[in-house]
Structure formats: structure tokens, C-alpha cells
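Participant: Just dropping this structure here.
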Amino acid sequence: MKLGPHLHRIGNDIVAVYLVDTDDGVTVIDAGLPGHWRELLTELSSMGRTLSDVKGLILTHGDADHLGFAERLRRDHGVPVYIHAGDADRAKGGKKPPTAKQSMKPGALLGFAAYSIRKGGLRTGYLTEVVEVRDGQTLDLPGAPSIIGLPGHSAGSIAIHVPVADAVFVGDGLTTRHVLTGQVGPQPAPFTDEPEQAIASLRALLPTGATWVLPGHGTPWNGGVAAAVDAAEQAARR
């Protein structure tokens, strides 16, 4: 799905993957679930691109539903996979800290589980090799993506700002569709290690002034970063 001149999405509002398309090639943001591989190939073809045009994959964090085809892309096609040092071990299969009890509605939970299973979520392939990034770093990749530290959901959660796409990719820093309740609109994401820290971290997104706020789960938000952060903060207070 084309969102803008330099911006594409595959997946859906349950699990999403993004592609930044420039004259220099393609940068992929997150890798969804293993079954998104076929969608990746289809979307690249619609863009007039091939896997050889993909110059890098950036992971917003190391949770399994964002790792999807990452190792396949790295191993079979030589595409480097970037992740913050704080989540490198998680992306390689290290243990995730326990989280608090989650609110949920059966319909939403079953929808998430069914989609995950259909897209190969039970056969996650962990990374064996990564390139570690740091807060404030600008990567030499299409779109000149810059890294914004967003700790809270996980220790190494990041956002990625791509000015040419007028977009900031937030992973699970916030969500616009809660996968366990089905509630829509900017709000805290479930399965967050440190909920208070995650909400406080969102303030780091404001200097981007981005129009698009693109989460790993939920509808793409094009109402501006300030409005998204404000809505998430209000939801957290409720």
C-alpha cells in the first residue's frame, strides 16, 4: 500500500511493516511476521523494485512480531539489520522481562492470534547477527533515517525519523489499535516493560514535527506527531 511518494506499508492494522523508497534504494522498517515475506516481494514489485534495492532493515525493537523475515533478508540477501544495543539480545532470542497483567477482549485477542498464526508467527526466526545503533545516529541508508531513543516498551526501543517521508516510525512506542482490546486511536501499547517510561519517552518525538506517525500495530496516523503524543498521554492517564 502506497501512503505517500516515499512511503509504503505492507501487512495491516494488526501487524505492519513499512518501506521507505528513494532514488538511492529502499529502507525497510520492522519485519512483521514470517508470512509477510510474500507481501514484501509483491510490494517491491509494484514499486518497480527488487530485493537488490533493499539496502537495510531497521528494527524498532526486538519483539518476535517485528522480527518476521529479518534473518531471512540478512542471511539470504546480505541486507544488514539494525537495532539498538539495548534490544540486540532480545532480537537474538534472549528472554523478555515479564509484563503486568494485560486488559483484553476475547474477539480482539483471537483476531490477533489467528492473524499471527496465519502469517507464521509460531515459527519466528531470531537474528544471529545485527548492527547496533544509538540514539541520535543518522544511518547511511535511503531516506537518511535518524534514530530516536524511545525506551519503555523495551530497553532498546527506538523511533526512526525519515524527513523525506515526513514520517516517524514508532514501533510499539505507541499504538493506534490495541491488539488485545481492539481499541483504536493513539494509546500505550500492551506488553510494555516500563509503561511510565514509555509514555515519558514520547516527548522525544515532538522535535521531528512529522505528519505521519507510523506504529507497528494500528492505522497509520497522519494527524501530526504532537496530536498523536497528546492523545497517547491522555489515554495513559485514563
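The values are calculated or read from the model by the stated rules, or taken from the named source; none is laboratory data. Please read all numbers here as calculations on a predicted model, not as lab measurements. Cβ placement follows ideal geometry from the backbone for every residue including glycine, while neighbour counts extend to all protein chains displayed.
Participant: Identify all residues within segment 67-88 that are part of a helix (DSSP H, G or I), of a type outside the set (Asp, Glu) and surrounded by fewer than 22 Cβ atoms within 10 Å (Cβ to Cβ); write none if there are none.
Facilitator: If the condition is that a residue be part of a helix (DSSP H, G or I), of a type outside the set (Asp, Glu) and surrounded by fewer than 22 Cβ atoms within 10 Å (Cβ to Cβ), then Arg72, Leu73, Arg74, Arg75, His77, Ala85, Gly86, Ala88 are the ones that fit.
Participant: Could you tell me how many of the residues in segment 132-162 are under 27 Å from His77 (Cβ atoms) and either basic (Lys, Arg) or free of Cβ contacts under 8 Å to residues at least 60 places away in the same chain (or both)?
Facilitator: Of the residues in segment 132-162, 8 are under 27 Å from His77 (Cβ atoms) and either basic (Lys, Arg) or free of Cβ contacts under 8 Å to residues at least 60 places away in the same chain (or both).
For every residue, the table says whether it meets (1) assigned to a helix (DSSP H, G or I); (2) surrounded by fewer than 18 Cβ atoms within 10 Å (Cβ to Cβ); (3) in contact (Cβ under 8 Å) with a residue 12 or more places away in the chain; (4) of a type in the set (Gly, Ala, Ser).
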{"site": "Gly185", "(1), (2), (3), (4)": "no, yes, yes, yes"}
{"site": "Thr192", "(1), (2), (3), (4)": "no, no, yes, no"}
{"site": "Ile199", "(1), (2), (3), (4)": "yes, no, yes, no"}
{"site": "Pro207", "(1), (2), (3), (4)": "yes, yes, no, no"}
{"site": "Ala210", "(1), (2), (3), (4)": "no, no, yes, yes"}
{"site": "Ala226", "(1), (2), (3), (4)": "yes, yes, yes, yes"}
{"site": "Ala232", "(1), (2), (3), (4)": "yes, no, yes, yes"}
{"site": "Ala235", "(1), (2), (3), (4)": "yes, yes, yes, yes"}
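Participant: Next up: Would you point out the residue of segment 29-66, among those that are closer than 20 Å to Thr175 by Cβ and not in a loop (DSSP other than H, G, I, E, B), that is farthest from the chain's Cα centre (by Cα)?
Facilitator: His36
Participant: Looking at the structure I just gave you, is Val131 within 28 Å of Pro145 (Cβ to Cβ), at pLDDT 95 or above, surrounded by fewer than 17 Cβ atoms within 10 Å (Cβ to Cβ) and among the aliphatic types (A, V, I, L, M)?
Facilitator: Yes; evaluated as a whole, the condition is true for this residue.
Participant: Take the residues in segment 166-211 that are more than 20 Å from Asp135 (Cβ to Cβ) and small (Gly, Ala, Ser); name whichever of them is modelled with the highest pLDDT.
Facilitator: Once the filter is applied, the top-ranked residue is Gly185.
Participant: Just checking, does segment 96-116 include any residue being closer than 17 Å to Phe191 by Cβ, charged (D, E, K, R) and either crowded, with 20+ Cβ neighbours inside 10 Å or over 18 Å from the mean Cα position of the chain (by Cα) (or both)?
Facilitator: Checked segment 96-116: at least one residue is closer than 17 Å to Phe191 by Cβ, charged (D, E, K, R) and either crowded, with 20+ Cβ neighbours inside 10 Å or over 18 Å from the mean Cα position of the chain (by Cα) (or both).
Participant: Would you be able to say whether some residue in segment 66-79 is of a type outside the set (D, E, K, R) and at pLDDT below 95?
Facilitator: no
Participant: Give segment 179-238 a look and list any residue that's over 17 Å from the mean Cα position of the chain (by Cα), closer than 12 Å to Gly152 by Cα and of a type in the set (Asp, Glu), or say none.
Facilitator: Listed by number, the residues that qualify are Glu194, Glu196.
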